[in-house]
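*Asks:* Below is one structure. I have some questions about it.
The values are calculated or read from the model by the stated rules, or taken from the named source; none is laboratory data. In this text, all values refer to a predicted model and were calculated from it rather than measured experimentally. Positions of Cβ are backbone-derived with ideal geometry, glycine not excepted, and every protein chain shown enters the neighbour counts. Surface areas here come from the heavy atoms of the whole protein model, side chains and all, with no ligands, DNA or RNA. Shrake-Rupley method; radii C 1.70, N 1.55, O 1.52, S 1.80 Å.
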Amino acid sequence: MTLSLSSVHKNIWLITFTAFAILGAGLFLMHHVNPQKSGAAATGFMVDMVVTFPVAYYFLIIKPFKQKLWRIMLVVTCCCGVAYLILPAAQRGYIIQLRKLTAGLELGMLIYCISKIRHIKKAYDALQAEFPDVAFNLHKSMAMVLGDGMPVKIMASEITIVRFGLLCFKREKEISPEIKRFSIHKDSGYAALFGVIMAVSVIEMVAFHLFLTRYSIIAAIIVTILSIYGCLFITGDFSALVKSPVLLLENKLLLRAGLRYRALVKLGNIASVEKVGGSFEPGVQCFKGGVMKNTFNILITFKEPVTVERLYRKPAETSQMVLSIDEVDEFIKILTGSNPV
């Protein structure tokens, strides 16, 4: 049985809510319960973190998505790490004992993953040699070796985000001069929006960290780490948009927007390319490929439906696509062989 997209989103939101509910309720009880009962509250909090949450993860993620059971060990490991940082010293002893029981299994998993790195790199190099696209080739190479399950997709997307976020200053390999490239980030105004979001995020992160330290230093550190990762995610998304332009190949057109989507279209499959304005309303079945929701200036119609690959969602099929191109007139002229209207 295949889960619908709405069910996938529902399960992800439920497990996220469960995590924050356990963390929030546990921290509240530990700091507000009667001191004589604080030990029992901390023990209950520990059980919720290392037992209740992994069980919930199994029924909401692993079982519905038909993932391999051993992946629950990764969840238990993360839960034990967070619990060790948060809980009092009395409960840390139990955490250490639990970690001893799971260490052997985790060592086997680690050895298995390391043994696959060589195969993943070989598949990745082959894909890069055929056509350079860091984000999607990394996902494909991992899927070829480890399977195309949800955890592999998440792992690939996280590695890609960190790669583009931390190495945003790194220049990508030069593209052959024979390949025509069209940037998509300049005229959309996304660069200015990115600057505003980053400035506000940094200010809010510092202020919220100082506020939380009044109640729990550990909670403040955890929230700050998550906020830093959020900034890294935004930076990685913008970096990928800048470094992943639309490419016109010998007989194909690569339509993409950073890590968000990619579609490789044969030029013979393009029925029409039109310049559209801000008042244009795309149809319900039209794929919206602009950098931002309402920023597009090109409408491409295909003779036959094309597949749009997406890192964070299932592939989509569409017969029309709107997107934003900085050199819009030149783009239309090259594809149609005539001046744009």
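*Asks:* Using the heavy atoms of the protein chains and a 1.4 angstrom probe, tell me the accessible area per residue for the chain in square angstrom.
*Replies:* In whole numbers, the chain has 58 Å² accessible per residue.
*Asks:* Determine the shape class of segment 234-341: with a ≥ b ≥ c the square roots of the Cα gyration tensor eigenvalues, call it rounded for a/c under 1.5, and otherwise prolate if a/b is greater than b/c, oblate otherwise.
*Replies:* Since a/c stays below 1.5, the shape of segment 234-341 is classed as rounded.
*Asks:* Just name one of Phe169, Ala192, Gly236: the one whose Cα is farthest towards the positive end of the charge dipole of segment 162-241 (beta-carbon charges, Lys/Arg +1, Asp/Glu -1).
*Replies:* Of the candidates, Phe169 comes out farthest on the positive side.
*Asks:* Once neighbouring chains are kept in place and the probe is 1.4 Å, which whole percent of the accessible area of the chain is contributed by carbon and sulfur?
*Replies:* C and S fraction of accessible area: 66 percent.
*Asks:* Tell me, which longest segment in the chain has none of the GluC sites (Glu not before Pro) that fall in DSSP loops with at most 10 further Cβ atoms within 10 Å?
*Replies:* Within the chain, the longest run free of exposed GluC sites (Glu not before Pro) spans 1-173.
*Asks:* So, taking all protein chains as they sit and a 1.4 Å probe, how much accessible area belongs to Lys180, in Å² rounded to tens?
*Replies:* In the full protein context, Lys180 sits at about 70 Å².
*Asks:* Shape verdict for segment 128-252, please, from the Cα gyration tensor: rounded (a/c under 1.5), prolate (a/b greater than b/c) or oblate.
*Replies:* Cα axes put segment 128-252 in the oblate bin.
*Asks:* Still on this structure: If I ignore ligands, DNA and RNA and count only protein heavy atoms, how much of Val50 is accessible to a 1.4 Å probe, in Å² to the nearest 10?
*Replies:* 20 Å²
*Asks:* Given 0.36 nm per residue, what is the gain on full extension from Glu250 to Val196 after removing their alpha carbon distance, in nm?
*Replies:* Value of the extension gain: 15.6 nm.
*Asks:* Separate question: Please get the size of the charge dipole for segment 295-334, origin at its Cα centre, with Cβ charges of +1 on Lys and Arg and -1 on Asp and Glu, quoted in debye to the nearest 20.
*Replies:* For this selection, approximately 280 debye.
*Asks:* Is the chain best put as rounded, prolate or oblate by its Cα gyration tensor, with a ≥ b ≥ c the root eigenvalues, rounded for a/c under 1.5, and otherwise prolate when a/b is larger than b/c, oblate when not?
*Replies:* prolate
*Asks:* Ranked by accessible surface with a 1.4 Å probe, highest first, in what order do Lys121, Lys243 come?
*Replies:* Output order, biggest surface exposure first: Lys121, Lys243.
*Asks:* On C-alpha positions alone, give me the angle between the axis of helix 190-212 and the longest principal axis of the chain, in degrees, nearest 10.
*Replies:* 10 degrees
*Asks:* Can you compute the helix-only [θ] at 222 nm over the chain? Use -39500 (n - 2.57) per DSSP H run of at least 4 residues, normalise by all residues, nearest 500 deg cm²/dmol.
*Replies:* Calculated at 222 nm, the ellipticity per residue is -19000 deg cm²/dmol.
*Asks:* Quick one: angle between helix 38-47 and the longest Cα principal axis of the chain, in degrees between 0 and 90, rounded to 10, please.
*Replies:* The angle comes out near 40 degrees.
*Asks:* While we're here: Mind pulling the angle between the C-alpha long axis of helix 150-166 and the longest principal axis of the chain? Nearest 10 degrees, somewhere in 0 to 90.
*Replies:* Between the helix axis and the principal axis of the chain, the angle is about 80 degrees.
*Asks:* Any idea of Tyr190's accessible area? Nearest 10 Å², probe 1.4 Å.
*Replies:* Probe radius 1.4 Å; accessible area of Tyr190 about 20 Å².
*Asks:* I've got another one for you. How far apart, in nm, are the 7 Å Cα→Cβ label points at Glu204 and Val47?
*Replies:* 3.7 nm
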